[in-house]
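What follows is a set of notes on a single structure, which appears directly below.
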């Protein structure tokens with residue numbers, strides 16, 4: 001007869017294998033052709049289904065309620081547009097991934113008893129391993145791409161031990177470690193070691209967006225954790241706010257001119273989106289501005305259909321593009337609200353709330369983050385460590 005202890009062993013065995021699959025085993029399984037990235041995701045999610053089958057009760061917070069509303073809205077879109085059941089099942093999979101992975105991050109945070117110092121130390125060791133793999137992948141990118149059973153370019157080879165072609169996921173993981181190290185208040189040595197290794201990894205990858213975000217985020221974190229803390233913190237923050245307002249007023253004419261030029265770029269991208277096999281990355285933004293405003297979208301899987309591998313027009317993977325064009329502004333608002341509430345629930349400091357949320361928004365513009373399991377797991381684990389430390393402090 002099964003006991004609660006036996007159930008616990010099953011749950012945590014499934015959780016640990018999920019982590020191995022996402023962060024270590026996924027890459028070799030995919031390169032050798034034993035699993036595709038999609039099949040790896042299915043296997044990983046199946047492990048989490050096993051993990052939570054044995055849970056006796058589940059607490060529903062505000063973020064969980066937001067996800068329930070989103071599920072109901074997606075079902076409404078499916079009925080309204082008379083979408084095939086298979087389309088609705090794909091969206092159920094999209095929305096189930098963050099629900100299960102966030103629960104997994106919470107389970108791990110409750111299981112471990114390590115201090116923030118130990119957690120960041122182990123993260124730094126893991127980042128060092130990723131940096132070594134990334135260096136090898138930069139040097140031998142052509143050979144790795146030619147050996148891989150899954151089609152890939154040499155430029156996509158730099159993803160450490162993460163899933164293949166997941167350089168952006170690796171870069172974002174590194175940036176999350178930096179944010180967590182500074183926000184948990186570990187020693188200066190650990191903070192700067194995290195920053196040094198993470199910057200090296202981020203600039204070894206080919207993720208230009210995260211490289212740009214890093215240039216903004218890390219100096220902001222250094223500035224906030226140094227100048228804006230300690231004595232006269234409120235006065236110093238007020239001074240910075242006043243200086244920013246003055247700078248904004250002085251730069252406003254230049255900003256207006258730049259925005260007008262950008263609108264022209266969006267317009268060109270929109271009107272030329274069907275002229276070639278690969279549309280501009282900004283074509284959906286142009287469609288949002290110059291086309292009819294989509295309150296409820298065009299219907300499920302209108303932008304990209306993973307079942308038929310077909311695109312309306314190819315502007316790359318993006319959570320923002322897919323949800324706006326498929327489910328409209330309401331759907332995009334609901335998925336954004338879910339991530340925002342999840343951030344507010346677990347991060348106490350407003351600056352770090354904003355920093356983490358900026359990472360989510362940036363990553364969402366060029367990745368379908370609801371199926372990026374390593375990113376979701378790292379995000380949830382770090383969030384729940386924050387919450388755990390704030391409760392204990």
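Bear in mind these aren't lab numbers, they're just calculated from the coordinates by the rules spelled out. This is a predicted model, so every value here is computed, not measured. Cβ sites come from the backbone with ideal geometry, for glycine too, and all protein chains shown count toward neighbours.
Across all C-alpha atoms in the range 236-393, the radius of gyration and Dmax reach 19.0, 58 Å. In terms of other Cβ atoms within 10 Å, 119, 234 run from fewest to most in the order 234, 119. Here 92, 97 are placed in order of increasing Cβ neighbour count within 10 Å, fewest first, which gives 92, 97.
Compactness of the chain, taken as the C-alpha radius of gyration over 2.2 N^0.38 Å, stands at 1.02.
Rg over Rh for the range 327-393 works out to 0.99, both radii taken from alpha-carbon positions and Rh defined as the Kirkwood radius.
Counting every other Cβ atom within 10 Å of each residue's Cβ, 244, 48 order from fewest to most as 244, 48.
Look at the alpha carbon pairs under 8 Å that are at least 6 residues apart: their mean separation over the length of the range 286-393 gives a relative contact order of 26 percent. Across the range 128-216, Cα-Cα distances exceeding 21 Å account for 31% of all pairs. Descending by average beta-carbon neighbour count within 10 Å, the peptides 108-117, 214-223, 155-164, 310-319 line up as 155-164, 310-319, 214-223, 108-117, the highest first. Computed from the alpha carbon atoms alone, the convex hull of the range 1-150 holds 174 Å³ per residue. Here the contact order of the chain, divided by its residue count and restricted to Cα pairs under 8 Å and six or more residues apart, works out to 21 percent.
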